[in-house]
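The values are calculated or read from the model by the stated rules, or taken from the named source; none is laboratory data. Just so it is clear, the structure is predicted and the values come from calculations on it, not from any experiment. Methodologically, a virtual Cβ is constructed for each residue, glycine included, from the backbone with ideal geometry; neighbour enumeration extends over all protein chains shown.
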């Protein structure tokens, strides 16, 4: 039998971590009283496992076929379970009901690599797709020069007005709140549901617990449906409280500047309902299949907006879940990434709305990812956000940096837009389009475009809520909607910010000029996407033609992290 290897494949979430200026004085204090938390639901018992894989069955296949193939590849199969247990085969154009999660407990074997095991499973079972399901991160990415952009403020103090990002020179939220909605419309996101995969929620004056639908929350970390953030762990504790405050905090505006009670933060959609989904402890370490399940939960929980301040490697289960959500009129908003130099998934997907970050000068934040995948920008540097505190209700806020906060702002604006026009009026204006299509068009048409703005790298402009609400919905458009452009070449183009034609020629060189490039991409495309995210610089070099006198082939830096099967292909095997 083949032996399994360690789970070292990346989840490239380094680009999403919010780079805060540091905890507030309150956040640094020990809790005054022992933590008091709701009794969590008892998670189901689960056997330990060492590796995971996600598999798409071909028509007519059953989970028993997975078990048979897995027993030929691994010594210790732990479980085979549907990735989306509630998917209805009768209404399933994305084939979610045919996607399963395999877990095995084989001891790590250095000579085996996850993608080689994935290829072995696919060959033995005749499955449509097999990919590793990992929660690893790429530490090396933090060593790149771009990563330094996230740290330090170069001696520039944060703006003293906590509402600066909401004023007329930025997102124009203050003036937008004076606009009367049309008949049947509502203000401040009222009646709209926002699903929020993040670290969970905590008690904070800027995160009103009344606005949280606890009957629909979900915990993908410990199990059950209590999505409270336990804090006190290594990673990004309190991240969900920070981003959640940008979404629904009920603070008000001062007469000319500043904010008013209940707290310090002014949320974009303070009357919306929040559905937290506890999905990670660290924004740089998230299990692929859990992110996909979080997206699916947003659909089944009847959310209108999905705010995803996270990201990582491209994964077909996540892509399918997003496409299904958008088809059902969920607006999916995603962080472009921080400090990594590329746009990460799921922001790189065609159906996602990718958000970059700006600063008080209406210029791109130095740590924001950029590229042709970005749709819009919003303030993300020195944005005031709530600080979580363990064991008591938080009351403090502090400025933080990251596309995480820009993403929450755009998601909150989407909730405002849906409430303002009302779902029925938006549906009538859609025609054959999705709600996401109509929203994106209106947001980009109304965006603020500063002088010298690079629309090719940072989207159409900066979110302008006043302009967005005033933008007419327009007449319905009835035309055949093209499917998402999420093939390997398009995804590489968006991730690496390069022309698709150049990507195609470069990949052909990398794969040693295969006679049928499309067939080779069908076989190796997911791994190529993975490698491009893990080390974009090495991937770009591997696409270049050999240089006379060079000591190494262009793909030399890529081979140590590639599967043995792909190395053979790069060396010229048919």
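If the condition is being in contact with a strand residue (DSSP E or B) (Cβ under 8 Å, 6 or more places away or on another chain), over 10 Å from residue 376 (Cβ atoms) and in a helix (DSSP H, G or I), then region 431-456 contributes 435, 436, 439. Restricting 241, 264, 300, 273 to those that are touching a residue at least 40 places away in the same chain (Cβ under 8 Å), more than 16 Å from residue 201 (Cβ to Cβ) and crowded, with 20+ Cβ neighbours inside 10 Å reduces the list to 264.
For region 359-369, the set of residues classified as touching a residue at least 60 places away in the same chain (Cβ under 8 Å) and either surrounded by fewer than 22 Cβ atoms within 10 Å (Cβ to Cβ) or not in a loop (DSSP other than H, G, I, E, B) (or both) consists of 360, 362, 363, 364, 366, 368, listed by residue number. If the condition is being within 23 Å of the chain's Cα centre (by Cα) and not in a helix (DSSP H, G or I), then region 457-481 contributes 459, 460, 461, 462, 463, 464.
Within region 385-426, being under 17 Å from residue 159 (Cβ atoms) and assigned to a helix (DSSP H, G or I) holds for 405, 406, 409. In region 273-299, which residue that is over 21 Å from residue 53 (Cα atoms) and assigned to a helix (DSSP H, G or I) is nearest to the chain's Cα centre (by Cα)? Taking the candidates together, the pick is 298. If the condition is being assigned to a helix (DSSP H, G or I) and within 20 Å of the chain's Cα centre (by Cα), then region 504-545 contributes 526, 527, 528, 529, 530, 531, 532, 533, 534, 536. Residues in region 303-358 that are assigned to a helix (DSSP H, G or I) and either touching a strand residue (DSSP E or B) at 6+ places or on another chain (Cβ under 8 Å) or surrounded by fewer than 24 Cβ atoms within 10 Å (Cβ to Cβ) (or both): 316, 317, 318, 319, 320, 322, 323, 324, 325, 326, 327. Considering only residues in region 93-110 that are in contact (Cβ under 8 Å) with a residue 60 or more places away in the chain and closer than 27 Å to residue 326 by Cβ, the one that is surrounded by the fewest Cβ atoms within 10 Å (Cβ to Cβ) turns out to be 93. With respect to (1) at pLDDT 50 or above; (2) within 22 Å of residue 227 (Cβ to Cβ); (3) under 24 Å from the mean Cα position of the chain (by Cα), the lone exception for residue 17 is condition (1).
Screening residue 533 on (1) surrounded by fewer than 21 Cβ atoms within 10 Å (Cβ to Cβ); (2) touching a strand residue (DSSP E or B) at 6+ places or on another chain (Cβ under 7 Å) shows it passes everything except condition (1).
Residues that are out of contact with any helix residue (DSSP H, G or I) (no Cβ under 8 Å at 6 or more places or on another chain) and either more than 20 Å from residue 339 (Cβ to Cβ) or outside the structural domain of residue 507 (by TED's automatic domain parsing) (or both) within region 530-549 comprise 541, 546, 547, 548, 549, listed in sequence order. None of 270, 197 is in contact with a helix residue (DSSP H, G or I) (Cβ under 8 Å, 6 or more places away or on another chain), within 15 Å of residue 385 (Cβ to Cβ) and either in a loop (DSSP other than H, G, I, E, B) or modelled with pLDDT of 95 or more (or both) except 270.
Against the list (1) at pLDDT 65 or above; (2) under 19 Å from residue 368 (Cβ atoms); (3) out of contact with any helix residue (DSSP H, G or I) (no Cβ under 9 Å at 6 or more places or on another chain), the condition residue 160 fails is (2). Quick check on region 252-265. Is at least one of its residues within 23 Å of the chain's Cα centre (by Cα) and either modelled with pLDDT under 95 or not in a loop (DSSP other than H, G, I, E, B) (or both)? No.
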